[in-house]
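These notes concern the structure reproduced below.
The values are calculated or read from the model by the stated rules, or taken from the named source; none is laboratory data. Values in this document were obtained by computation on a predicted structure and should not be read as measured data. Cβ placement follows ideal geometry from the backbone for every residue including glycine, while neighbour counts extend to all protein chains displayed. The protein model used for the area step is the full one, side chains on, heavy atoms only, and it has no ligands, DNA or RNA in it. Shrake-Rupley method; radii C 1.70, N 1.55, O 1.52, S 1.80 Å.
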Amino acid sequence: MNEKCFQDKCVLITGASSGIGRATALAFGAEGARVIIHYNNKEAQAAEVLSRVVSSGGSGELLQGDLSTMSGTRKLCDIVATLPVDILVNNAGSLIRRTPVLEFTENLWEQVMVLNLTSAFFLAQAVLPGMVSRQSGAVINVSSVAARNGGGIGALAYATAKAGLSTMTKGLAKEFAPKGIQVNAVSPGTVDTEYHQTFSTTAMLDSVRSATPMGRLGTSPEIAGVILFLASPAARFMQGQVVEVNGGFLMA
Ligand SMILES: NC(=O)c1ccc[n+]([C@@H]2O[C@H](COP(=O)([O-])OP(=O)(O)OC[C@H]3O[C@@H](n4cnc5c(N)ncnc54)[C@H](OP(=O)(O)O)[C@@H]3O)[C@@H](O)[C@H]2O)c1
């Protein structure tokens, strides 16, 4: 990749206050981008990401919004539709709570779906008109290995939403590739982030390590690197792909 590959490109990354989103924001910042750092609760962490983006030669701003509700999603989309977004990374996501099927409520199902799938669709809808008018742009969705294997214990709704996100990636690519826009997804395996501090036990993570040919969990920069590749000219002929990045945990 050339030096300052994303100079002055406007990149919106949802869920950029920690983990994969944070690493992606730092990587785009180091490539000279204007990075819009979305967060929900962790304002101080998001501010620290912004200051690192600026000190590495990028620029940016913070944008707060709860993407687990339709009202929060609509509010954020109204703001986002006014921004000249060149690259959208739909990264915000969560299990919210590990919950057995028989204990799922309508409300929890709705929250998981809105956060991991519906909000990504409407954010894409908010940025696509600007991309179409410029005849360029990229949307990169952050799916999950759970989309392929049904997810771990208590993660059925999350896995179902991520499978929808992977499928949505292909449908958007079909409609917008002819208009000069690229739509792809990255599908991480288990990555060492705050997500697992909240949702996984040591035993769960050990069993993933032992089922992974590389024998370890992924890191956030390893996922960010693939996101930057998908947004770069090197990936210009890729459309509707869901790139699995999981140390060999799941192949094919
Ligand atoms: N870690 C993994 O093993 C793994 C594997 C496959 C896929 N993924 C996917 O990768 C993405 C990033 O995950 P991560 O591991 O980096 O997790 P993380 O460190 O927990 O970060 C999650 C990010 O999403 C934001 N977020 C959570 N709930 C939100 C809400 N209601 N509204 C708006 N934003 C919200 C968080 O914002 P605040 O903290 O500011 O509230 C945070 O910035 C997610 O889509 C996740 O599903 C992760």
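The set of residues in the range 125-145 being touching a Leu at 6+ places or on another chain (Cβ under 9 Å) and among the small types (Gly, Ala, Ser) consists of 126, 130, 137, 138, 143, 144.
Would you be able to say whether some residue in the range 176-197 is within 15 Å of the ligand (Cβ to nearest atom), at pLDDT below 95, assigned to a helix (DSSP H, G or I) and buried (at least 16 other Cβ atoms within 10 Å of the Cβ)? Looking through the range 176-197, at least one residue is within 15 Å of the ligand (Cβ to nearest atom), at pLDDT below 95, assigned to a helix (DSSP H, G or I) and buried (at least 16 other Cβ atoms within 10 Å of the Cβ). It is to be established whether one or more residues within the range 217-226 are away from the ligand (no atom under 16 Å from the Cβ) and outside any loop (DSSP other than H, G, I, E, B). No, because not a single residue in the range 217-226 is away from the ligand (no atom under 16 Å from the Cβ) and outside any loop (DSSP other than H, G, I, E, B).
Under 8 Å by Cβ, and 6 or more places apart or on different chains, what pairs join a residue from the range 105-116 that is in contact (Cβ under 8 Å) with a residue 24 or more places away in the chain and under 17 Å from residue 91 (Cβ atoms) with one that is hydrophobic (A, V, I, L, M, F, W, C) and within 8 Å of the ligand (Cβ to nearest atom)? Filtered contacts from the range 105-116: 112/95; 112/96; 114/67; 115/67; 115/92; 115/96. Residues in the range 122-148 that are touching a residue at least 24 places away in the same chain (Cβ under 8 Å), open to solvent by less than 80 Å² (accessible area, probe 1.4 Å) and under 19 Å from the mean Cα position of the chain (by Cα): 17 in all.
Residues that are in a loop (DSSP other than H, G, I, E, B) and within 16 Å of the ligand (Cβ to nearest atom) were ranked within the range 1-28; the one that is surrounded by the most Cβ atoms within 10 Å (Cβ to Cβ) is 16.
Regarding the range 35-50, can at least one residue be identified that is in a strand (DSSP E or B), aliphatic (A, V, I, L, M) and either over 30 Å from residue 107 (Cα atoms) or out of contact with any strand residue (DSSP E or B) (no Cβ under 7 Å at 6 or more places or on another chain) (or both)? Talk me through it step by step, then tell me what you get.
Keep residues of the range 35-50 that are in a strand (DSSP E or B), which gives 35-39.
Next, from what is left, pick out any that are aliphatic (A, V, I, L, M): 35-37.
Add one more test, that the residue is either over 30 Å from residue 107 (Cα atoms) or out of contact with any strand residue (DSSP E or B) (no Cβ under 7 Å at 6 or more places or on another chain) (or both), and what stays is 35.
Checked the range 35-50: at least one residue is in a strand (DSSP E or B), aliphatic (A, V, I, L, M) and either over 30 Å from residue 107 (Cα atoms) or out of contact with any strand residue (DSSP E or B) (no Cβ under 7 Å at 6 or more places or on another chain) (or both).
Can you go through 124, 92, 81, 138 and tell me which one is modelled with pLDDT of 95 or more and within 14 Å of the ligand (Cβ to nearest atom)? Explain how you work it out, then say what you get.
Working: 124 fails: within 14 Å of the ligand (Cβ to nearest atom); 81 fails: within 14 Å of the ligand (Cβ to nearest atom); 138 fails: within 14 Å of the ligand (Cβ to nearest atom).
The match here is 92.
In this entry, residue 230 is excluded by the filter for residues that are near the ligand (Cβ under 10 Å from one of its atoms), in a helix (DSSP H, G or I) and either in contact (Cβ under 8 Å) with a residue 60 or more places away in the chain or more than 23 Å from residue 68 (Cβ to Cβ) (or both). Of the residues making up the range 69-106, just one is more than 19 Å from residue 141 (Cα to Cα), part of a helix (DSSP H, G or I) and of a type in the set (S, T, N, Q), namely 71. When the range 29-60 is limited to residues that are more than 15 Å from the ligand (Cβ to nearest atom) and among the hydrophobic types (A, V, I, L, M, F, W, C), the one that is surrounded by the most Cβ atoms within 10 Å (Cβ to Cβ) turns out to be 33.
Residues being under 15 Å from the mean Cα position of the chain (by Cα) and surrounded by fewer than 24 Cβ atoms within 10 Å (Cβ to Cβ): count how many of those fall in the range 67-84. Steps first, answer last, please.
Keep residues of the range 67-84 that are under 15 Å from the mean Cα position of the chain (by Cα), which gives 67-68.
From the residues that got through so far, the ones that are surrounded by fewer than 24 Cβ atoms within 10 Å (Cβ to Cβ) too are 68.
Summing the residues that are under 15 Å from the mean Cα position of the chain (by Cα) and surrounded by fewer than 24 Cβ atoms within 10 Å (Cβ to Cβ) in the range 67-84 gives 1.
Restricting to the range 101-120, count the residues that are open to solvent by 10 Å² or more (accessible area, probe 1.4 Å) and farther than 12 Å from residue 162 by Cα.
Initially, the range 101-120 is screened for residues open to solvent by 10 Å² or more (accessible area, probe 1.4 Å), giving 101-107, 109-111, 113, 115, 117-118.
If we keep only those that are farther than 12 Å from residue 162 by Cα as well, we get 101-107, 109-111.
Final tally of qualifying residues: 10.
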